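A.B. asks: Please find one structure pasted underneath; my questions will follow.
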Amino acid sequence: MFEHRVGFVSPLDGLNLNQIAPGRRDGSISEILADVLLREVIGAAEYHIDLHAGDLEELLLPFAGYALTGRPTSTGWVRPSRAPTRRASFPSHSRRDDPALVPTALLPLTSHLLPLACCPVPFCSMIAHRATTFTESVIREMTRIANQHEAINLAQGFPDFPMPAPMKDAACAAIRGDINQYAITWGSPALRLAIAEKYRRWYGMEVDPDREITVTCGATEAMAATFLALVDPGDEVIILEPYYENYGPDAILADARPVFVPLEPPRWTLEPDRLRRAFGPRTKAIIVNTPHNPTGRVLSRDELSLIASLCIEHDAWAFTDEIYEHIRYTGTHHSLASWPGMRERTVTISGLSKTFSCTGWRLGYAIAPPPAANAIRKVHDFLTVGAPAPLQAAAAVGMAFDAAYYNHLVRDYQERRDIMTSALTEAGFRFSVPDGAYYVLADFSALSDMADEEFAKWMTRDVGVATVPGSSFYHDPALGSRLVRFAFCKKTATLEEAARRLASLPARV
Ligand code: GLN
């Protein structure tokens, strides 16, 4: 019988099952630990693990001081012995003095267990605290689960239809034309010029392409670089909730303190007093994402005016995420930087992924007043050097598309939204119809009592439609436990097939 002893040490706050074993959220934590340990590291047929809670109070306390003994099942899952033996009880900190235990940070478990199994070296110092305080992206994880079950992926928001041909041609021409070396760090002159022209044309905004634009690897990098460039440790950043999952880790990486303000269901509106109360002396910035992921809300002129006045009153930044600016069904897209007094305190972030259906190109940008742009450019330079040069050349072609392209984009998305919303209504979901973006955040209470993660997994496996569990859009998972998010940036044929599968849902739950 293989015997191995494992001790757990901090920093592991915020740990959840997903961090321990991405993609395996079935079973108890002890089963998952044992499974990973056995299958990926030790390869043993039987196992014996001592569990110590220590700093993992919340998750492991129920198992503290127990020894698990068992053997893997034929499915690869581990079934611990029926009655784990209660061993010694380990007070929280005693394990550090116990030479028999191998202290280890558990994350990432798969890459650290091998050395752990072989040598008694303390691994706790190998992982920085900040990397243990957030999970891998649930959205991207759901894509992997969807692939595994060959489900229709309405989880991660990427189109399954092609991007515009002229841009593809321009990219190929750029590569063949030897535009394959670094572009200027903050973006090729042609693309920055095209972005500036677009902002003049669409929003009446004068942007200096030489001093105010930084082209980045996706809007994701633009937001992260903006946090790192403008937010100091301890600063507060206001995030409207539910929120796109990246903002949480962005705040953590910058050592900022997120302050969450709810968008109120069912219409996901902003309650003025709650927002006012969130602003204070430590507020450094607010993230303004409109059209909104995951609710599809398009913030109104009044809501943006309130945000603008609070930013001015409290001398705070607005970091906008306008990646869905051209995907709207009703209302107008308002760019906060065009508000009086906001240009000098707004970082306008957007990108090409959604507008030109090219999420894999990773092209985004930040527009900021020169001193801020300077700081963002420096962070961007040392993070990535620059975005792919030939794709920047092709992006400039897309930025010059005329109104016909955008009208077409909206018409197509409207059709997709209508297919999606009728399918969801018919299946028994409750939701507010999105005004923009390409998501529906839907309440499944009328269909099932399962928690969101379980429901999303069940849907992926048994119905063949993958979604994102609602909890991944909330700082407190309980707030999203009755919700799942559907992305409808898919061909009508894909959505019609999804609708057909969803129609079978009420009979199956
Ligand atoms: N923004 C998209 C979504 O919310 C894609 C996320 C991602 O994986 N970068 O699904």
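A.B. asks: What is the antiparallel percent of DSSP beta bridges lying wholly in segment 182-400, to the nearest 5?
C.D. replies: Numbers: 11 of 30 bridges.
Close to 35 percent.
A.B. asks: Just to confirm the filter: which chymotrypsin sites (Phe, Trp or Tyr not before Pro) across segment 163-242 are DSSP coil and have at most 12 other Cβ within 10 angstrom of their Cβ? If you can, show how the numbers build up before the last one.
C.D. replies: Numbers: sites: 182, 186, 199, 202, 203, 227; in loops: 182, 186.
Within segment 163-242, the qualifying chymotrypsin sites (Phe, Trp or Tyr not before Pro) (loop, at most 12 other Cβ atoms within 10 Å) are 182.
A.B. asks: Output the relative contact order of segment 401-509, whole-number percent, from Cα pairs under 8 angstrom with separation of 6+ residues. Please report the intermediate quantities before stating the final value.
C.D. replies: Values: 152 pairs, mean separation 33.7, N = 109.
Reported relative contact order: 31 percent.
A.B. asks: So which of 284/491; 378/490; 354/457; 198/490; 284/457 end up more than 29 Å apart by C-alpha? Working shown, then result.
C.D. replies: Details: 284/491 41 Å; 378/490 37 Å; 354/457 26 Å; 198/490 27 Å; 284/457 38 Å.
Check vs 29 Å cut-off fails for 284/491; 378/490; 284/457.
A.B. asks: Ok, one more. Check each of the trypsin sites (Lys or Arg not before Pro) in segment 171-277 and keep only those in coil by DSSP with at most 15 other C-beta atoms within 10 angstrom; list them in order.
C.D. replies: Numbers: sites: 176, 192, 198, 200, 201, 211, 267, 274, 276, 277; in loops: 211, 267.
Taking segment 171-277 and a limit of 15 other Cβ atoms within 10 Å, the loop trypsin sites (Lys or Arg not before Pro) found are 211, 267.
A.B. asks: In terms of the ratio Rg/(2.2 N^0.38 Å) built on C-alpha atoms, what value belongs to segment 130-184? Let's see the in-between values first.
C.D. replies: On the way: Rg = 17.6 Å, N = 55, 2.2 N^0.38 = 10.1 Å.
Compactness ratio reported: 1.75.
A.B. asks: Per 0.36 nm of contour for each residue apart, how much would the distance between residue 178 and residue 130 grow if the chain were fully extended, relative to their Cα-Cα spacing? Don't skip to the end; give the middle numbers.
C.D. replies: Values: separation 48, 0.36 × 48 = 17.28 nm, distance 4.03 nm.
Extra length available between residue 178 and residue 130 comes to 13.3 nm.
A.B. asks: In a solvent-free Debye calculation with one equal scatterer on each Cα, what is log10 I(q)/I(0) for segment 182-400 at q = 0.14, 0.15 Å⁻¹, listed in the order of the q values?
C.D. replies: Each listed q maps to, in turn, -0.79, -0.92.
Here, each number is a calculation from the coordinates, and none is a lab measurement. Computed from a predicted model, the values in this text were never measured in an experiment. Every residue, glycine among them, receives a Cβ derived from its backbone with ideal geometry; neighbour counts consider all protein chains shown.
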